[in-house]
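Written out below as C-alpha coordinates is the structure these notes cover.
The values are calculated or read from the model by the stated rules, or taken from the named source; none is laboratory data. Fair warning: this is a prediction, and the values are worked out from it, not measured in the lab. In this analysis, Cβ positions are derived from the backbone assuming ideal geometry, glycine residues included, and neighbour counts consider all displayed protein chains.
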(Lines give C-alpha, C1' and ligand atoms only; values in the text may rest on other atoms or scores of the structure.)
Protein backbone atom coordinates (compact mmCIF):
# COMPACT_ATOMS: atom_id res chain seq x y z
CA UNK A 1 0.00 0.00 0.00
CA UNK A 2 1.26 3.49 -0.88
CA UNK A 3 2.31 5.88 1.88
CA UNK A 4 -0.45 8.33 2.82
CA UNK A 5 0.60 11.87 1.84
CA UNK A 6 -1.75 13.67 4.25
CA UNK A 7 -1.76 11.84 7.56
CA UNK A 8 -4.51 12.39 10.11
CA UNK A 9 -2.03 14.21 12.35
CA UNK A 10 -1.00 16.59 9.54
CA UNK A 11 -4.63 17.17 8.54
CA UNK A 12 -5.58 18.03 12.14
CA UNK A 13 -2.88 20.73 12.11
CA UNK A 14 -3.84 22.16 8.71
CA UNK A 15 -7.65 21.98 8.63
CA UNK A 16 -8.32 24.80 11.17
CA UNK A 17 -6.04 27.13 9.18
CA UNK A 18 -7.93 26.78 5.90
CA UNK A 19 -10.34 29.52 4.81
CA UNK A 20 -14.05 28.85 4.46
CA UNK A 21 -15.31 27.73 1.08
CA UNK A 22 -16.27 30.80 -0.96
CA UNK A 23 -20.01 31.09 -1.67
CA UNK A 24 -21.33 30.06 -5.08
CA UNK A 25 -24.30 32.33 -5.82
CA UNK A 26 -24.89 30.73 -9.23
CA UNK A 27 -24.48 27.11 -8.12
CA UNK A 28 -21.85 25.18 -10.01
CA UNK A 29 -20.24 21.83 -9.47
CA UNK A 30 -19.34 20.64 -5.96
CA UNK A 31 -15.96 21.70 -4.65
CA UNK A 32 -13.20 19.08 -4.37
CA UNK A 33 -12.61 18.16 -0.73
CA UNK A 34 -9.81 20.23 0.85
CA UNK A 35 -7.94 17.16 2.08
CA UNK A 36 -8.04 15.61 -1.40
CA UNK A 37 -6.79 18.88 -2.92
CA UNK A 38 -3.96 19.02 -0.37
CA UNK A 39 -3.01 15.44 -1.28
CA UNK A 40 -2.81 16.47 -4.95
CA UNK A 41 -0.74 19.56 -4.09
CA UNK A 42 1.74 17.54 -2.04
CA UNK A 43 1.95 14.85 -4.75
CA UNK A 44 2.77 17.39 -7.48
CA UNK A 45 5.28 19.26 -5.31
CA UNK A 46 7.04 16.09 -4.15
CA UNK A 47 7.10 14.35 -7.53
CA UNK A 48 7.86 17.39 -9.66
CA UNK A 49 5.33 16.45 -12.35
CA UNK A 50 3.49 19.22 -14.20
CA UNK A 51 0.12 20.15 -12.69
CA UNK A 52 -1.77 18.98 -15.77
CA UNK A 53 -0.31 15.47 -15.38
CA UNK A 54 -1.81 14.86 -11.92
CA UNK A 55 -3.42 11.40 -12.20
CA UNK A 56 -7.22 11.55 -12.00
CA UNK A 57 -7.15 8.11 -10.34
CA UNK A 58 -5.84 9.77 -7.16
CA UNK A 59 -9.22 11.41 -6.57
CA UNK A 60 -7.68 14.84 -6.00
CA UNK A 61 -9.47 16.62 -8.80
CA UNK A 62 -7.57 18.07 -11.72
CA UNK A 63 -4.12 19.55 -11.50
CA UNK A 64 -5.65 22.97 -12.23
CA UNK A 65 -8.05 22.54 -9.29
CA UNK A 66 -5.14 21.72 -6.97
CA UNK A 67 -3.08 24.62 -8.35
CA UNK A 68 -5.97 27.05 -7.78
CA UNK A 69 -6.43 25.79 -4.23
CA UNK A 70 -2.68 26.18 -3.56
CA UNK A 71 -2.91 29.77 -4.86
CA UNK A 72 -6.06 30.48 -2.81
CA UNK A 73 -4.47 29.15 0.37
CA UNK A 74 -1.25 31.03 -0.28
CA UNK A 75 -3.16 34.31 -0.68
CA UNK A 76 -5.02 33.54 2.58
CA UNK A 77 -1.68 33.14 4.44
CA UNK A 78 -2.23 29.46 5.27
CA UNK A 79 1.39 28.38 4.67
CA UNK A 80 2.95 31.01 6.94
CA UNK A 81 0.52 30.18 9.77
CA UNK A 82 1.16 26.45 9.28
CA UNK A 83 4.93 27.02 9.36
CA UNK A 84 4.66 28.90 12.67
CA UNK A 85 2.30 26.28 14.11
CA UNK A 86 4.62 23.39 13.25
CA UNK A 87 7.67 25.28 14.55
CA UNK A 88 5.81 25.94 17.83
CA UNK A 89 4.96 22.26 18.08
CA UNK A 90 8.59 21.26 17.48
CA UNK A 91 9.81 23.87 19.95
CA UNK A 92 7.48 22.63 22.70
CA UNK A 93 8.72 19.08 22.07
CA UNK A 94 12.31 20.36 22.26
CA UNK A 95 12.94 18.99 18.75
CA UNK A 96 14.67 22.04 17.24
CA UNK A 97 18.45 21.98 17.12
CA UNK A 98 19.21 25.71 17.40
CA UNK A 99 22.90 25.10 16.69
CA UNK A 100 21.93 24.21 13.12
CA UNK A 101 19.36 26.98 12.63
CA UNK A 102 19.93 29.80 10.16
CA UNK A 103 18.14 32.99 9.31
CA UNK A 104 18.10 34.94 6.07
CA UNK A 105 16.08 37.54 4.23
CA UNK A 106 13.74 34.96 2.73
CA UNK A 107 12.30 34.22 6.17
CA UNK A 108 12.67 37.58 7.93
CA UNK A 109 12.07 40.97 6.36
CA UNK A 110 14.84 43.53 6.64
CA UNK A 111 13.83 46.40 8.94
CA UNK A 112 13.18 49.50 6.89
CA UNK A 113 14.11 47.79 3.66
CA UNK A 114 15.79 49.50 0.74
CA UNK A 115 14.69 52.91 -0.44
CA UNK A 116 13.35 52.96 -3.99
CA UNK A 117 15.01 55.54 -6.18
CA UNK A 118 12.80 58.22 -7.66
CA UNK A 119 11.71 57.67 -11.23
CA UNK A 120 13.90 59.46 -13.72
CA UNK A 121 11.78 61.73 -15.88
CA UNK A 122 12.46 61.67 -19.57
CA UNK A 123 13.40 64.96 -21.24
CA UNK A 124 12.28 65.32 -24.84
CA UNK A 125 15.48 67.07 -25.99
CA UNK A 126 17.58 64.37 -24.39
CA UNK A 127 16.10 61.43 -26.28
CA UNK A 128 18.37 58.77 -27.70
CA UNK A 129 19.22 59.03 -31.41
CA UNK A 130 17.53 55.69 -32.16
CA UNK A 131 14.32 56.94 -30.51
CA UNK A 132 14.33 60.08 -32.66
CA UNK A 133 14.91 58.06 -35.83
CA UNK A 134 12.05 55.73 -34.96
CA UNK A 135 9.61 58.57 -34.40
CA UNK A 136 10.56 60.30 -37.70
CA UNK A 137 10.44 57.04 -39.65
CA UNK A 138 7.06 56.21 -38.15
CA UNK A 139 5.73 59.64 -39.09
CA UNK A 140 6.91 59.35 -42.71
CA UNK A 141 5.46 55.83 -43.07
CA UNK A 142 2.04 56.88 -41.91
CA UNK A 143 1.73 59.50 -44.68
Return yes or no: is residue 5 part of a loop (DSSP other than H, G, I, E, B), surrounded by 10 or more Cβ atoms within 10 Å (Cβ to Cβ) and in contact (Cβ under 8 Å) with a residue 40 or more places away in the chain?
yes
Exactly one of 91, 77 is touching a helix residue (DSSP H, G or I) at 6+ places or on another chain (Cβ under 9 Å) and loosely packed, with under 12 Cβ neighbours inside 10 Å, and that one is 77
Residue pairs within 8 Å by beta carbon, gap of at least six or interchain, first lying in the range 84-97 and at positive phi and in contact (Cβ under 8 Å) with a residue 12 or more places away in the chain, second surrounded by 11 or more Cβ atoms within 10 Å (Cβ to Cβ) and not in a helix (DSSP H, G or I), listed first then second, are none
The helices (runs of 4 or more DSSP H) lying wholly within the range 40-143 that contain at least 3 residues that are modelled with pLDDT of 95 or more and under 30 Å from residue 5 (Cα atoms) are 63-75
_Residue check, residue 50 without any contact (Cβ under 8 Å) to a residue 60 or more places away in the chain, more than 18 Å from the chain's Cα centre (by Cα) and surrounded by fewer than 17 Cβ atoms within 10 Å (Cβ to Cβ)_ = no
Exactly one of 18, 10 is buried (at least 16 other Cβ atoms within 10 Å of the Cβ) and modelled with pLDDT under 95, and that residue is 10
